[in-house]
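K.L.:
Quick one: the structure is below, and I'll ask about it shortly.
Read-outs: derived from the displayed coordinates by stated rules, not from any lab. Everything numeric in this text was worked out from a predicted model, so none of it was measured. Positions of Cβ are backbone-derived with ideal geometry, glycine not excepted, and every protein chain shown enters the neighbour counts.
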Amino acid sequence: MTINTMSTNKHIAMWSCPRSRSTLITRSFEQLDECMIFDEPLYAPYLLKHAFDHPEREAVMAHRETDAQKVIQQITSDLPEGVSFSFQKQMAKHLLPDYDINWIKPLTNFFLIRNPKEIILSYNKVCKKVTKNDIGMEDLYNLFKKVESFTGKTPLVIDSTDLIKNPQEFLEVICSKIGIKFSEQMLSWEPGFKTRKNFLKSPFPWLWTGELPPTVWYSNINQSTGFRPYKEKEINFPDELIPVLEDCLPFYEKLHQYRLIID
């Protein structure tokens, strides 16, 4: 199938690993009036490919498009009237090996990282079995290198811990670098996931995984109202998860050296 990669609208893709605070940041961009959200649009095709028992599998498979080619067509096509750009929260691990990723080239891509020790602990609260493939840090790094290769530029990398320590300043810089206008509306929101009325006639669904019952992944962010003050937490890391951390850490460290630093 030929994918239409020509669009009159701007598509922004934030690539990350699970539990990287990506939904928090997506909620921030959701507040911009001309923005349309695609939340992990390749999640259902990823679940279809893998037969493992995954939280919310049945709900996602029942409510989402499972054909990856159709999804890619949706997220690269022209957007509804009144929408000037899409913000796509994407997981690098959802890009399966047999995917042709040429459709990514016209997108404005940036990368979100978080210390894998924190990611693994957060993931382990939902899934008791955790592997390096579940985290996908190597997938994220490999995609970073591919985007760097086909653009000839080092992609923007944001460490989510840096961002939540200083959300306004980081969001202002991110918006400037990806070519959209920052608004203070991005700093707070009403609790709960809502579908905007002006998108109801759109052929594209308002894709929030958090709208699907049960919301095991989004139980906290669903009730959030904005960025909370950062608090350092002591981490007690289980010995049985150390091999996963050792697999992920080198790729995080490689990405971390490219992170945005604001003096």
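K.L.:
For region 10-256, would you read off the P(r) tail past 30 Å as a percentage of all alpha carbon pairs?
P.N.:
Taking all Cα-Cα pairs of region 10-256, the fraction more than 30 Å apart is 21 percent.
K.L.:
Let me ask something additional. Roughly how many debye, to the nearest 20, is the charge dipole of the chain about its Cα centre, given +1 on each Lys and Arg Cβ, -1 on each Asp and Glu Cβ, and no other charges?
P.N.:
180
K.L.:
Which of the GluC sites (Glu not before Pro) across region 40-98 are loop residues per DSSP, with 13 or fewer other Cβ within 10 Å?
P.N.:
When the GluC sites (Glu not before Pro) of region 40-98 are filtered for loop state and at most 13 Cβ neighbours within 10 Å, E81 remain.
K.L.:
Next up: Where Lys and Arg each count +1 and Asp and Glu each count -1, what net charge lies around S122 among other residues with Cβ under 12 Å from its Cβ?
P.N.:
Values: positive: R19, R21, R114, K117, K125, K233; negative: E118, D134.
Once positives and negatives cancel, what remains is +4.
K.L.:
Can you give the net charge of the other residues whose Cβ lies under 11 Å from the Cβ of I164, counting K and R as +1 and D and E as -1? Provide the component values of the computation, followed by the final result.
P.N.:
On the way: positive: R21, R114, K165, R228, K231; negative: D159, D162.
Summing Lys/Arg as +1 and Asp/Glu as -1 gives +3.
K.L.:
Most fluctuating residue of I135, I104, I242 in a GNM of the chain with Cα springs under 10 Å: which is it?
P.N.:
Answer for the Gaussian network model of the chain: I242.
K.L.:
Additional query: Just to be sure I understand: of the beta bridges DSSP finds with both ends in the chain, what percent are antiparallel, rounded to 5?
P.N.:
Given both bridge residues lie in the chain, the antiparallel proportion sits at roughly 5 percent.
K.L.:
A follow-up question, please. Taking the Cα centre of region 1-117 as origin, work out the dipole magnitude from +1 charges on Lys and Arg Cβ and -1 charges on Asp and Glu Cβ, in debye rounded to 20.
P.N.:
600
K.L.:
Cut-off 10 angstrom, C-alpha nodes, Gaussian network model of the chain. Which of T161, T225, T151 fluctuates the most?
P.N.:
T151
K.L.:
May I ask you to compute the full-extension gain from R57 to Y99, defined as 0.36 nm times their residue separation minus their alpha-carbon distance, rounded to one decimal in nm?
P.N.:
13.0 nm
K.L.:
A further question on this structure: Only Cα pairs within less than 10 Å get springs; with that Gaussian network setup on the chain, which residue of R27, R64, R114 has the largest fluctuation?
P.N.:
Of R27, R64, R114, the most mobile in the Gaussian network model is R64.
K.L.:
Taking a threshold of 25 Å on the Cα-Cα distance, which of the pairs K49/K177; K145/K165; K70/K254; K146/K177; K181/K254; K93/K117 fall above it? Walk me through the numbers on the way to the answer.
P.N.:
Working: K49/K177 35 Å; K145/K165 27 Å; K70/K254 33 Å; K146/K177 20 Å; K181/K254 30 Å; K93/K117 18 Å.
Where the Cα-Cα span goes over 25 Å, the pairs concerned are K49/K177; K145/K165; K70/K254; K181/K254.
K.L.:
Among S84, T66, P229, whose Cα sits farthest toward the positive end of the charge dipole of the chain (+1 at Cβ of Lys/Arg, -1 at Cβ of Asp/Glu, about the Cα centre)?
P.N.:
Checked the options; the winner is S84.
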